[in-house]
Structure formats: structure tokens, C-alpha cells
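I have placed the structure first, in the form of C-alpha cells, so that the comments after it can refer back to it.
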Amino acid sequence: MVVLSANVKFQSQISEDHMNKGFDPSPETLPPITNGFDKKNMSAVPDKMNKPIEEGKEKVDEEDDQPERAMWGNQLEFLMSCIATSVGLGNVWRFPFVAYQNGGGAFLIPYIIVLILIGKPMYYLEGVLGQFSSRNSIKVWSMTPAMKGTGYAQALGCGYILSYYVSIIALCLYYLSMSFQSTLPWAICAPEWLNCVPSELTENVVLTEHSTSSAELYFVKTVLQQSDGIEGGLGAPIWYLTLCLLASWVIIFLIVARGVKSSGKASYFLALFPYVVMIILLISTSILPGAGDGILFFVTPQWDKLLELDVWYSAVTQVFFSLSVCTGAIIMFSSYNGFRQNVYRDAMIVTTLDTFTSLLSGITIFGILGNLAYVLKQEVKDVVGTAGTGLAFISYPDAIAKTFQPQLFSVLFFLMMTVLGVGSAVALLSTINTVLLDSFPRVPTIIMSAFSCSAGFLVGLVYVTPGGQYILEMVDHYGGTFLILFCAIAEVIGVFWFYGLENLCLDIEFMLGIKTSVYWRFCWGLITPAMMIVVFVYALATSNELVFGTDYYYPVAGTVSGYLMLFVGVAFVPIGIIAVMYKNRTGNFYETLKQSFRPKSTWGPRSTITRNEWTLYKKDAMAEREKLQDSQNSNAKDDGGGQWNNAYDAAPETADQSKSDVESKKPQTKNKNATPERPKWDNQLEFLMSCIATSVGLGNVWRFPFVAYQNGGGAFLIPYIIILLIIGKSMYYLETVLGQFSSSNCVKIWALSPAMKGTGYVQALSAAYVLSYYVSIIALCFFYLAMSFQSPLPWALCDASWLNCVPSGEAVNMSSIQGNPVGSAELYFTQTVLRQSDGIHDGIGVPLWDLTLCLLASWIIIFVIVARGVKSSGKASYFLALFPYVVMIILLIRSVTLPGAANGILFFVTPDWNKILEIRVWYAAVTQVFFSLSVCSGALIMFSSYNGFRQNVYRDSMIVTTLDTFTSLISGITIFGVLGNLAYELNYDDVGQVIGAGGTSLAFISYPDAIAKSPVVPQLFAVLFFLMMAVLGVGSGVALLSTVNTVLLDAFPRIPTLYMSAMSCSVGFLVGLVYVTPGGQYILELVDHYGGTFMRLFAAIIETIGVFWIYGLENLCTDIEFMLGLKTSFYWRICWSIVTPFIMIAVFFYALATTGTLTFGEDYYYPQPAYIAGDLMQYLGIALIPLFIAHALWKYRSNSVVETVKTAFSKKPTYGPQEPELFEEWKQFRREVKYERQQMRKNWFHHIGLSLTGGYRRGKPKL
């Protein structure tokens, strides 16, 4: 430990208590951390993660002999801190205006592309660097010392941003203090303000030629007292803003002075509170008159802007500013992580959440501007005003003044703004602290923090002068954009071109157990640096003179100062290279270069033991890869027909039997048949992506919007969300827990209660029913995809034989149409594509050759993914899960900008409250939740069975179920925006007149119709959309087929997976021919109703009964506690055991008893044999339950009926974790729990009460 002079008692006490506990001040201070790495499974061992090594167990480098480095209290603190850092003021006051300036909705395209190709790679890179080395942004350059100047340049850029960032927080505090007045000061006009419109007025507003809101005049004239320029100087600091600036710095100091321990706790509030207020503001904004016009103005694309490189430069700078990459903050925060934390997952969460927050802020801001334009009777573009801080401090206060209880909303909003700013400022200041403390390691953190805050306050006085906003704009332009971008270029060159791409990928593989995909490799090695270099050089060479507002040009001295700020930072990099080369000079120039750019001997994990393992691992990895290349040809021979049971768990009760010799000596409780080792996901994200690809599918696009419309519109969201919370999430979490705990498929999982095994077969049968027609919808997507390459699009024009046809791709004089006009897209779908018959009383017809080819192509694609098993499907899941969202956002922007779209969206969300009281609406909500999430189909159990035993499946379940809901809402808004435009084109007042029959036709009519109306390359939008639809379908189809495969392979374990997949796909194709006939849509509706809804709901009821009422609620909660270390809360217990099953039972029997005769469309009734066939499908599945119960009772028969029943329903001895070590630990844990339970329980009823309330209190299990 660093000890100061003994004569200075106070300083010594500070040193021991506070020095280097928060932000890593000392150079190369690397106290040990635990080695929690399981080399065999390439995964983190939870009970060993984030625990300090016992004293004397591990030697640390001599230069690391410093106070122990602080760590986050838990993994969530890091995530919250990153969110608080990245989601800041830039999302509120910077993004909306940057987007407006650079093409509106069109700006989202380069922004999302830059986010994917630059933002996410840079964020992930910095998170990896900090966590791997446990070093700050300066010391991390031990990997290539000559590039250390990059760290100092980042810190300088960070200092530039921080200097003005806190002044914006000061403005927020000022407005917050003013919000407690009875009349908001910006809501009324001062006498001296000419042409002022009071912001509190919403009607009877008297306008002059140049009307200006009181909120804008208050900000410019009262708060800022803004001067006309800076030629005459900046002026003196404004006293009240100075006090607010001081208060801002004091708040930041209080958080930073105590280090990472206190800032980690504060991060929960800093990260989450702003979202509460933001949602309230969004809701209040959307109901203001004129808000829709402002939002449309924001999202309406200016396509010509996409060809301007300035727009791409703005996208890059916005991504950097918003995410806080290349400022050193991400490296610093991740350096406090445990060595095995999944920083990849955290990086993806933060970067995605940041983007959605920016969009949310933009919609809110421009909704407010739309209302302001409505009140002032002006165009939205005329009220946007100035950029930068002025946008947020004018438009938001103006909207607040018009709300009910404006003081309350004002306090909430400016408190939110303050919290957002403080969250980012804490990270920025901490980054600067590391650099200063790096040079002066003996100075306590609290003293250095006080010095930094004091200096920041003095510098910040510049920004609270009448000319401060001019300086802010200049510093942001030269120091906050150009410099940070240059640092990013230097960073990727230093890491990937000097340290080496392959070296970093090996480091990631050692640390996280993740194989770095080709996407990251190409981005890091080529795409990211090349894009940044092109944008930077172009912007530097062609940038015009900086202008404040629209017409103020800075004096020459201001421009020179700006370039000096930039070049001082840039100079750090070459100066650093020269200094290191001089330090390492030898007689040979080449050797000097090599020595200067080679990693230091201290580079690597901070723990000596982990560092030694890392060194050996890299050597072994390189040797294995060379050996693998030599053996690829011989291995390829085994991949043809001889690879069996490596994909979807074919062998019954054979759970990972290939163990080491040591394991074989342990007590054998599993089947002794030797089978190939069960595959696992390469990383946790593959499971998450696969679940997203499975759950977020065609049901969100072509099923949810129409179901919602039929069942109350906006009111349907209430039962839907309630069902999601108490049934959807509960069932999703349950199934992923069951699969992960036992590593078994949906049939073998019932070793927990053998008599209930029929439930697994019911789920598999239901999956087969759904799969049979699901792939036919994918075939329709491929057909439309093929047709999308024609010019013009075939559904954009009317055929001569179509009566009353309205061309979807043209403007039509509606007066010339006789009768009821119909869009060409609808006629093309029903008459050209489907050749749909008037019914099936005379048969369904023969398969259509073109749709048959598309069906064959669909099954071939699914076969290619499934035949290789979980390893290949895991890789495909990234594309299957993420690509659809890119297209979905583009289509959403396009649909909401169509004329009449607002009427369609309002038609969708307008609630019909009477529907809520109808049980059939709740039944529709249940079936939609089941169909959309793919619960009770066996797919979730199967996918989770490939997880590591300790993976946080609770978190993954919550992410997928929430994301699925938002996707459904986005699809509904897009669909009905298109239908609103269609009604507008057909001159209908009622959007309901153009909705049509629903089902698949809804998506294959409304979407193509919108695409045909695109004025810019409709073929491109068509290709993107139908490719997205096909991808969504394939993602779910793969999961459904894999579920069916497990059941077949369970019965025939020696048939190779490849052969069984080929047989399944062949049968699926033959059955699917039914759906590509002229009567195919009638059969699809029938199978969906009887096989895809009733059966799955019935299987869910039986599943909950079997697990919670037979296996036991407390037993499952004990299993979860052993596996995840989580105490199951009262919410899950009461849902699982009572609420979920009883609601499903009530809805099922009511629907079964009262449901009307199934009709196709509105008026077609099926022939009687069709209804009989539907009932047979349904009851065949239901009958499997009692049949297997009877079979189990017969199999376990004894002289005692009670004993027979007890044996048939009791878990098998083989049920439990698959790995023998975990199995033995689990049995011991259960014995201890059972003993403790017996000590606490008084009787059976007392046991029930304790189980429901979680009353059995136990210590945390030893994982």
C-alpha cells in the first residue's frame, strides 16, 4: 500500500481509506483477481467469479503492489453505469436536431449502418480491452506502448466535452429551480419582448408577422442573456448560472470522490429514472394537437441527403457522442468487471438501448415542435429554431407550459435532464482522473477529484457568460467531434494492425469463451477503420467555416483557436510514438520499431495465475489451429452420414456420457450407453439470438395486427399485456429453466414425472401442425421476393380482367372507378398468386407449380440449417434475429410518412372498451401470446438445453418476451399505417373497409401496397421486405422442425441427424403441398385454429399441472436456486401454481364451450367433414395425455394402487443436471434443503403456504 508521510496523519488516513478505490489512479496497479475459468467448457464458473484470491494464494507482479483494486458490487452495476454514461443529454438535445439537419427519417439509415459497423464494434472493443487488462485508457496501451499517446488524446477530448457538458447540467438545474414557481417564468411574456406568444396559451393566440414563443425568448434573453457575437468579448459570468454550475460540480464530486463503489450504487437511479419521466413526456406529447405533424416532419426522409458524405460524418459523430466511445470511459468502467463477465452482451444491450432512446427523444421533441407550429399557425420547419442546447431548452419548456400541472411536469423533466447529464459527466470526469492519478499515484483519489472538479468549474465559467453558447458550439465541433474521431482511427490501427486482430480474438476467446465471428473480424480489421478514415479526411478537407445558428460567422481568432484545440490532441499520437521510440532506441531502426510497438511483459490479465494460463492458452490455441487445418479433409468424411445425435439430443436418457477417466470412476447414476458429447452454444448470445429468431416471427407481422383489430384495437393491448405478464413470461421462463436444468428435450424432460410424458408428445404434435403451414407462408415470401426484381412490380398494376381495380403504384382518379374499388395488390394476391377458390366443398385443387417450387426452396433452406445441428444454427441465428429489425425500421418510417397513415394508426390504437369484458378477447390474447412466443411447442426447452448450467436464463427470458411485444406493436403500427394510406387512396372514410379477410392476406396485401407506392426504387423496398419476412419465417421454422426431430430421434437414436432431418423435411414438403393449392388458405385457417391454438393451450395447462402440482412448486424453486442462485419471488410462485393454470383453464373451457362455428373470412362456412377433421386433430393430441398416464400406471403397476400412482408420477432417479459432478452436488443440496424444510413445516397446509410465499428461508447455494 502507498503510505504518505507519517507526520501528516490526516493525509495518511485519507490514503488508506479512499485512495485508488474507485478509478484506478496508480500506474500498472494490478492486484489479483480470481481465476474462475473452466478450461474444459470454455465458460465462467459462477462460484469463482468476482471473488478475491485468498491472501498468499497468488503472486502478483512486483509493480502491482498497490491497494486492492475495487470491483463492481455486481454485474448489473456495470451495465447500469454504462447506460447512465451512454444514454445522456446527447440523446435529448443533440440527436433530434442532427437527424433533422441531415435528412430526417432518411438519416436513420446511415445512423443505423454506422452504429452497426462502427458504434457497436468500438463499444465492444473498448469493453473487451478494459475488462481483459483491468487497466484504464492510458495503461491499456501496454499492448503497444508506442500508441500510448492515443490514450492521452482521448483524455483531452474527454476534457473538452466535459468542460461544456457540465454547463448544460447547470442550465437544467436553473430551470429545475425555476419550476417551483406558481406560474412558470417562461410561460408568460415579459413586457419588453416584441411579437411574443405566451407558451401557456393553447387557443385564441394572436399572431404577428414574426411570432416567437415566450419559452424561446426566456431562454435567449433572460437565462443566457445571449450576446450578438463574441467580437467584443464573452462578457462576465452570469451569477445565477455560476451558482448552478457550482452545484453541478459539487454533485459530480460527491459521486466521484468515493470511487466505483458509490458510483455503482448511484448508477441504478442515474440509468433508470430518466426513462420513467421520458415515457410520461412521450405520452403527454403525443396527445397535443399538431404533434403528429411534427413527428411526420421528423421521420419524413429526404433521400437525396444519403448521397452527401456530410450526413455520414454527422452519423459518425452522433454515434461517438451518444455512446461515449473513444473517450476512455468505457475502458475505465469495464476494467472493474470480473474477468469472465459477458461484456459482449452488455455492449449489445447498451448500444441498442441508446439508439431507441435517441429515437424516443426525437419523436418527443418534434411532437412538441409540431404542437408549437400548430399554435403559431406556422410550418414545423419555421419553429425548429437554433440547434444545440437551444432545441431542448425551448421546445420542452414550451410543451410543459401547455400541460396540466405544468410545475410537476417541469420538475420531473429537468430533474431527468440533470440526472442524464450527471450520469455521463461522472464517467467523463473519472476518465480524466485516471490520467492525472496515473502521473501522481500518491495523491488520494478524493484530493485529485476535488482538484479536477475545481479546475472544471473554473474552465466552465466561460460557458455561463453571454457569449458562452458560441464557445460551446466551437469546442463541441473541434474538440468533441474531429478529435474523438481521430482517436478512434488511431485506436483501431493500434489494436488491430499493431497488436494484431488474431491476438485480440484469442484474448476474447480465453476471457469469454466466445469465438469471434467473421462480422467482428471484418469490421475491426477493415470496415470500421476504412470508413472512419474516409469520413474524417473528407470532412477535414471539405468542411466549411463554422457557423453559429444560421448566419453568425466566428472571428478569425475563434477559428484559429478551434484548430489549435484539434491539433494539440492529434499531436499526442506522433509525439507519443517518437518518445517511445527514443526510449527504446537501439542501433537498428527496425529493432527499435519492433520494440516500441511490441506488448510489454506486463500486458495481459492482472492476475499472475490467469496471465500464465493465458500465455499457455495462446500457444495451445495456435498449435491446435495448425493441427486442425491438417485434419480438415479427414474430418470432412465423418460429417456426411456418420455424424449422429450431435444436434438435437436424439438418444433417450443418454445425457452427456463421454466423460473423462476421472469422471468415470464416480458413482454412475446415468445411462451407460456411450454417445457423442452433447453440443453447447459457442456463447450465451447464440442462445439469446436463437430465441429471438424463434419467438419474433411471422406471427408478429401477419397475425398480431389483425387479432388486435378484431378484439378491440388499442383496448386489446390491456388483456394482451396482462396475459403476457402472468402467462407468457411465466411459461417462457418455466420452459427455459426446465431445458437448461436437465439438458433434455420436451419429451425426456418429463423424467420429472413420467406419467405426464404425453405432454411432450402433445407439444411436438402441435409444433408439427404449425410447422406444416408455417413453411407455406415462407414459400409465399420467396415467391414475392422473386417477383420483386421486376420493373414495374407485378402487383402495382391492374390486369385487364380485374374489375374495379385501383393500381397500387399509381395515383388514380377515384371518380372513374365504378362499384367498390379494390387495390391491385389484393387482386394480385388472391387471383394471381393464390388463385384462391370460392371454397373447398368441391376439393382444394392441385398444387400450383410456382408456389410448389418456392415451398421446396423453403424446406431446403431449413434443412441446410438444421442438418448440421446447433453449431451451425447458432451462427445463423445472428442474421435470423437481427436483420429483420433493420428492414422493419425502414418500413415503419416509410409507412408513417404515407398520406392517410395517421388515420390507420389511430384506427389500430383507438380502444373499443366493450371488448375487454368478452372472454373470447382474452382467449385471443392467450393464443396470440402462445403463437408469438412459441411457448409450449417444445422449442424453448430444446434451445435452452444447450445452455451452460449457470447461464442467466431468467434475464434472457425477460429480454425476449419484452422484445417480442414491442415488435408486435411496431408491426401493427406499420400495417395499419399502410391500411390508412390504402383507405386514403380509395377515398374511404372508414379504414375498416380496406382491411379485408385478415390472416396471411393482411400482410401480403397491405405491405406490398405500401411498397408499390414508394417513389424511390420500390423494387429495393420489396426485396428488403420479403427477404425480412422469409428470414423471420425461417428462424421460427428451424426451431419447430428441430423440436419434431428430437421426438423422432428419441425413438430411433441410431439414425444420423442428417438423415432424420432429410426425412422430416421431405415429409414436411409433401404435407405442405396441401397449402399451395387454390384451397390451401382454407386448410391453413382450419389447422391453425384446431391444431395451433386449442392444443397448445391444453398442453400448457397440463405442463403447469405436471410441473407445479405433481413435481412440486418448491422442488422447482429449489432447482432454480441451485442452478441460478436466484430466490424465486412470490410473483413467480403465485403465477406458476395458481394464477397461470387457473386463467388458462378458465379461458380454455369457456372457449371450448362457447366458440362459434369456424368461418373463413366473414361468411364462408366449411363443409362438415372439415370440422370433423379439425376436431380429430385437436382431440388426437389431447388423447395423448391420458394414454401415456395409463401406460405409465401399467408400466409401474404393483400390488398397491397408491404405490403405483406414486411411482408413476414421481421423478426418475436419472432426472437432474446432466453432468455427474453437478448431479451429485444437486442431490446433496436437495437433501440439505429437504432437511431444513422438515424442520420448518408444521403440516401439509403450512408447507403449501410456505411454498407459495417463499417462506423457506435458506442461505445462498454453493454454486
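List of remarks:
- Relative to the current alpha-carbon distance between residue 612 and residue 920, full extension at 0.36 nm per residue lengthens the span by 104.5 nm.
- Placing R0 at 45 angstrom, the Cβ-Cβ distance between residue 540 and residue 1070 gives a FRET efficiency of 0.10 after rounding to 0.05.
- Among the listed pairs 148/305; 757/1206; 377/915, those with a Cα-Cα distance over 27 Å are 148/305; 377/915.
- Restricting the GluC sites (Glu not before Pro) of region 182-287 to loop positions (DSSP other than H, G, I, E, B) with no more than 14 neighbouring Cβ atoms within 10 Å leaves 192, 203, 209, 231.
- Footprinting exposure proxy for 278, 531 (fewest neighbouring C-beta atoms within 10 Å first): 531, 278
- Förster radius 41 Å - calculated FRET efficiency between residue 303 and residue 1159, Cβ distance, rounded to 0.05: 0.40
- Coil-residue GluC sites (Glu not before Pro) of region 1054-1126, DSSP, other Cβ within 10 Å capped at 10: none
- Qualifying chymotrypsin sites (Phe, Trp or Tyr not before Pro) in region 439-499, where qualification requires a DSSP coil assignment and no more than 16 other C-beta atoms within 10 Å, are lacking entirely.
- Greater than 26 Å apart at Cα, pairs in 515/1211; 583/618; 1127/1234: 515/1211; 583/618
- Contact order for region 1087-1163, expressed relative to its length and based on alpha carbon pairs under 8 Å spaced 6+ residues apart, stands at 34 percent.
- For region 75-575: relative contact order, % (alpha-carbon pairs under 8 angstrom, 6 or more apart): 34 percent
- Short-range pairs are left out: with C-alpha atoms under 8 Å and at least six residues apart, the relative contact order of region 280-383 is 57 percent.
- Label-point gap, in nm, between residue 1062 and residue 279 - each point 7 angstrom along Cα→Cβ: 5.2 nm
Throughout, read-outs are computed from the coordinates displayed, never taken from laboratory work. Values in this document were obtained by computation on a predicted structure and should not be read as measured data. Positions of Cβ are generated from backbone atoms using ideal geometry, with glycine treated the same way; all protein chains shown enter the neighbour counts.
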